[in-house]
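The values are calculated or read from the model by the stated rules, or taken from the named source; none is laboratory data. Owing to the predicted nature of the structure, the values given are computational and were not obtained by experimental measurement. Glycine also receives a Cβ, built like all others from the backbone with ideal geometry; neighbour counts cover every protein chain displayed.
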Amino acid sequence: MAALSADFQATAGSFHLQAAFHVPGGTAAILGPSGAGKTLTLRSVAGLARPVSGTIALGGRTLFDAKHSLSVATNHRRLGYVFQEYALFPHLRVWENLVYPLAAWPKQKAKERASQLLGLLRLQGLEERRPTELSAGQKQRVALGRALAASPQLLLLDEPFSALDTPIRASLTEQFRELQAQMGFTALLVTHDVAEAYSLSSHLIVMEQGRVLQQGERASVYHQPANPEAARLLGVQNIMTGTVVANEGHETVIDVDGVRLRTLSSGLRRGERVAVGIRAEEIVAQPVGAAIVNGDNRATDRAPGGGLPARLEQVIDRGSRQRLLLRLRVDDHEGPRVVVEATGSRGYHEGGASASVEWTVDIPATAVHLWPGVVHPASPPS
Amino acid sequence: MELAALRLTFQVALTSTALAVAVGLPFAWWLARARFPGRDLLSALVLLPMLLPPTVLGYFLLQMVGRESAVGGLLESVLGFSLVFHWSGAVLAAFVTSAPFLIRTAQAGFESADPVYTEAARTLGRSELAIFMTITIPLAWKAILAGTAMALARAAGEFGATLMLVGNVPGRTQTLSTAIYDAVQADRTGDAQIMAVTLALVTLGLLVGIGTLAKGSTWSWRH
């Protein structure tokens, strides 16, 4: 697989993009909110936008080098591009779209290639259709097949699955992996969806406001966000500011608005201000019985097995999953609010939603991420 | 009815329209994409022949390519040939007055096509010429067809500029419209009527035919 190395600056109006990343092969996902510069990054790699400075290289071949005024034309970059709205040629039938990049091939070979792609993408029977007669999922597959027809070294995908229903996404994810295993192309996709980025890629590049915040192997990026901003984009819903109150042995204790959180040893100094991030799905919350509510739940440093006392403020029920907003309590005053993702079988049930019921919240030490400094004002806890 | 005039009308209109397509289409495409100062002025200049009195155009053409002019003199000395009083002069007159219809309509067609399709074609490794022929033209097909029909109709009916540049010589430079003028002047009302109705019917048939072609075209698609 061809490696992609990019380090360039590009502008679009007043927007400034500073993109520097390396994709060793496999699939990399650029994850970021809209306006992060994801599409401009893809367009620059494709040669559809011209960076103002820097270099782009694919498989040892320089595609762009500002210093040497070198910019390989898009049609010579040997890449495939799946556009967000697919951009299937409306006046051509499905098979004509598929053979479009194969104009230089002998007719018979091009036809064989088209029927091979129709088979791989399960599009048989749709050869004669025009793009307007296809469903979104079918259009997506034709666009994918067309981009791959000429065996590009690099496949670029702009929000590939954003317009598709969940079941179609799942089957396309599978098909995409099969295709990649068979054809061996490097892929770079952009998305604002963490789950889509993770499920499709081996490598994550987190971008915001025209900057790369973090990049690397997907699991390490996902589980070890480099900073609170990257953490928020990676789906960490609880991000707050705290102070180190103790740092002894194998644990560090953080105070967040009076609530004490235990984390793994961090090497941070006592009294240091820190940003704290906790994934909503790693927190366990459950309602407690009346007997426990009347018991001793005033202490915030509870005995092992005990959680932090909390009051349920809001429930967003999504059927199989619930999003709970819980206000942690410290003595008589209210502490920080945490978001908890619960599954139907765990923690939450209809009867437990009553605000009068006391809840208990467990935050495992391994789930707490710490970064020196405070949470940037531009990224308040969600 | 002057059959020679009918034949010449077709000859002039078809030649001028072929010229308008060959020169006007790439020009319209360039106008639709290019961004440079003075683009608006150039667009206005293209419109000008549609709005100026044809006699004014004929006068300018005469100034530019007449025997006394530099271009006309050069043509005559090198090729032994003058546009004035020659059917090719009628083609020039028809071209200048009718090409703007094609250029403006085609330009609007090119401008309304989503640039993502040409971008997609570029990522698929095709050359700019191939993209122009396989994507740009087909996507603007209806506008091009409509523009061509209008240009053809306008060329077939050209009168003022033709009269100024090549006169009205029966059998040599006389087209239907100038022949009609002649007939009326000579009180041959019946002749004039036949030719006028013929010209009107041919033009109408042309527009209807091309409209049908555009509708039934294999390049049409539902939105």
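Rundown of residues vs (1) buried (at least 19 other Cβ atoms within 10 Å of the Cβ); (2) closer than 24 Å to B:Ala90 by Cβ, yes/no style:
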residue: B:Ile135; (1), (2): yes, no
residue: B:Ala143; (1), (2): yes, no
residue: B:Ala151; (1), (2): yes, yes
residue: B:Ala155; (1), (2): yes, yes
residue: B:Arg172; (1), (2): no, yes
residue: B:Thr175; (1), (2): yes, yes
residue: B:Arg188; (1), (2): no, yes
residue: B:Leu207; (1), (2): no, yes
Name the residue that is nearest to A:Pro90 (Cα to Cα), counting only residues in region A:131-162 that are surrounded by fewer than 18 Cβ atoms within 10 Å (Cβ to Cβ) and touching a residue at least 40 places away in the same chain (Cβ under 8 Å). A:Thr132
Hey, among A:Ser5, A:Ser53, which residue is buried (at least 16 other Cβ atoms within 10 Å of the Cβ) and either assigned by TED's automatic domain parsing to the domain that holds A:Ala197 or over 24 Å from A:Ser162 (Cα atoms) (or both)? A:Ser5
With the requirement that a residue be among the hydrophobic types (A, V, I, L, M, F, W, C), facing another protein chain (nearest Cβ under 8 Å) and assigned to a loop (DSSP other than H, G, I, E, B), what does region B:118-167 give you? B:Leu124
Within region A:62-79, restricting to residues that are away from chain B (no Cβ under 14 Å) and free of Cβ contacts under 8 Å to residues at least 24 places away in the same chain, the one that is surrounded by the most Cβ atoms within 10 Å (Cβ to Cβ) is A:Asp65
Residue that is modelled with pLDDT of 85 or more and in contact with a helix residue (DSSP H, G or I) (Cβ under 8 Å, 6 or more places away or on another chain), where the choices are A:Glu341, A:Glu334: A:Glu341
Residue identified as farther than 29 Å from A:His192 by Cα, small (Gly, Ala, Ser) and in contact with a strand residue (DSSP E or B) (Cβ under 7 Å, 6 or more places away or on another chain) among A:Ala66, A:Ala57: A:Ala66
Enumeration of residues in region B:61-99 that are of a type outside the set (S, T, N, Q) and part of a loop (DSSP other than H, G, I, E, B): B:Gly66, B:Arg67, B:Glu68, B:Gly80, B:Phe81, B:Leu83, B:Val84, B:Phe85, B:His86
Which one is nearest to the other protein chains (Cβ to nearest Cβ) among residues in region A:80-106 that are out of contact with any Ser or Thr (no Cβ under 6 Å at 6 or more places or on another chain) and within 15 Å of A:Leu48 (Cβ to Cβ)? A:Ala87
Collect the residues in region B:148-165 that are within 26 Å of B:Trp29 (Cα to Cα) and out of contact with any Phe, Trp or Tyr (no Cβ under 6 Å at 6 or more places or on another chain), keeping them in residue-number order. B:Thr148, B:Ala149, B:Leu152, B:Ala153, B:Ala155, B:Ala156, B:Glu158
Consider B:Pro115 carefully, then state whether it is away from every other protein chain (no Cβ under 14 Å) and out of contact with any strand residue (DSSP E or B) (no Cβ under 8 Å at 6 or more places or on another chain). no
Give just the number: which of (1) buried (at least 19 other Cβ atoms within 10 Å of the Cβ); (2) touching a helix residue (DSSP H, G or I) at 6+ places or on another chain (Cβ under 7 Å) does A:Ser202 not satisfy? (1)
Which residue pairs have Cβ atoms under 6 Å apart, sit 6 or more places apart or on different chains, and have a first residue in region A:199-211 that is closer than 15 Å to A:Ser34 by Cβ and a second that is of a type in the set (Val, Ile, Thr)? A:Met207/A:Ile30
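This table checks each residue for (1) touching a Gly at 6+ places or on another chain (Cβ under 9 Å); (2) within 18 Å of A:Gly26 (Cβ to Cβ); (3) charged (D, E, K, R).
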position: A:Ser171; (1), (2), (3): yes, no, no
position: A:Val190; (1), (2), (3): yes, yes, no
position: A:Glu196; (1), (2), (3): no, yes, yes
position: A:Gly210; (1), (2), (3): yes, no, no
Identify, from the list B:Ala106, B:Ala94, B:Ala120, B:Ala34, the residue that is small (Gly, Ala, Ser) and touching a strand residue (DSSP E or B) at 6+ places or on another chain (Cβ under 9 Å). B:Ala120
Does B:Thr203 meet the test of being among the β-branched types (Val, Ile, Thr), closer than 20 Å to B:Ser16 by Cβ and part of a helix (DSSP H, G or I)? yes
